[in-house]
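Undergrad: There's a structure below that I have some questions on.
Every number here is computed from the coordinates shown, using simple stated rules; none is lab data. Worth saying up front: this structure is predicted, and the values here are computed from it rather than measured. Cβ placement follows ideal geometry from the backbone for every residue including glycine, while neighbour counts extend to all protein chains displayed.
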Amino acid sequence: MLIGEVARRSGVSARMLRHYESLGLVRPSGRTGSGYREYSGEDVRRIFHIESLRAVGLSLREIGRALDDPGFTPSALVDDLILRTRERIVAETELLTRLGPHRVRAADPAAWEDVLQVLALLRALGSTSAGTRQRAALASVDEVPVEALAQAALGEGDPYVAGALRWALSRSGGGGAALLAEGLSSPVAAVRERAVRSLAEMPGGEAAPLLRDALASPDTVVRGRAALALGAQGEAAAIPVLVDMIVAGRNDTDAADVLSSLADDAAADRIASLLAGRIGDGTTGPPARGRLTQALAGVPGPTASRALTGLLGDADPAVALTAAYLLRLRGDG
């Protein structure tokens, strides 16, 4: 058969048949007297074989190996094909979520150029390149729906890209807090941490109720980050968790600094009493008692001074010396 008839019967264009020939995948077995390509029945079977392998996702290079390499093992190719198919399904599912029509409509594009810009940024947020994702995050304020930014922030493992996404969220005008809140209950610890960090950097009052709820989280990282954020905003509800952080030695310096900022006339006695109570409860080990004593340095008022005075005779010399030093600094020693 001549190339035109093969193309008509097989559904493979003459141009593609010539491309297969240039790659050495299939060569016409003969030529007519006028020099035209002439395909035999075996050639046509090979063409259909090539098309079948293309249909299951093999590249033309892999097809060439499958057809011509005597040592080729189909099982290895099938395993690789399964892996790449699964990876493609995951990537395309994530892209489908980001490209959902409601996401595009939420950006309120006014012209086709705007639609294409939104789609390009949404696609870039799902790129395998960290640099591409970071550039998309930095360019996406006012152009990409905040829900898409929040979803990207929950799934982002690169610290630089994650920082850019949190920056974009903090300037997005709100709206992503509800989706971030879902991340707080994720079974994945990393997602929970990304959620609370993103909420902590969102301005205004949208995130505050969610952070207050996070103070009761069973995840110590979530509780701690929520307490630091709320304490920095002047929320007294964070005080007990901040004291726990000092006892446990988790971000204890930051926790002590935030407690000091909260220790105004109304809260100083409460904070000093909590710190002193943990020092003297009989269950706190020497390192923790030392950290709690040092935290009293940032708490003004008579309750803190009395607590430090009571520690002058402490059985732990380090605690006693720290208390004496702090009292001298306060002018009480």
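Undergrad: Gain in length, residue 248 to residue 29, computed as 0.36 nm per residue apart minus the alpha-carbon separation, to one decimal in nm?
TA: On the way: separation 219, 0.36 × 219 = 78.84 nm, distance 7.96 nm.
Stretched fully, the residue 248-residue 29 segment lengthens by 70.9 nm.
Undergrad: I need the semi-axes of the equivalent ellipsoid of segment 3-72: take the C-alpha gyration tensor, multiply each eigenvalue by 5, square-root it, list largest first in whole angstrom. Present the calculation step by step, with values, prior to reporting the outcome.
TA: Values: eigenvalues 93, 37, 20 Å².
So the three semi-axes of segment 3-72 are 22, 14, 10 Å.
Undergrad: Note down the nm distance, to one decimal, between modelled labels 7 Å out along Cα→Cβ at residue 10 and at residue 68.
TA: Result: 1.6 nm between the two label points.
Undergrad: A follow-up question, please. Pop the C-beta distance of residue 21 and residue 158 into the FRET formula with R0 = 56 Å and round what comes out to the nearest 0.05.
TA: Here the calculated transfer efficiency is 0.80.
Undergrad: So, one more: Using the beta-carbon distance between residue 132 and residue 82 and R0 = 25 Å, what value does 1/(1 + (r/R0)^6) give for FRET efficiency, to the nearest 0.05?
TA: According to the calculation, E is roughly 0.35.
Undergrad: Taking N as the number of residues in segment 171-279, what value does Rg over Cα atoms divided by 2.2 N^0.38 Å take?
TA: So the Cα radius of gyration is 1.07 times the expected 2.2 N^0.38 Å.
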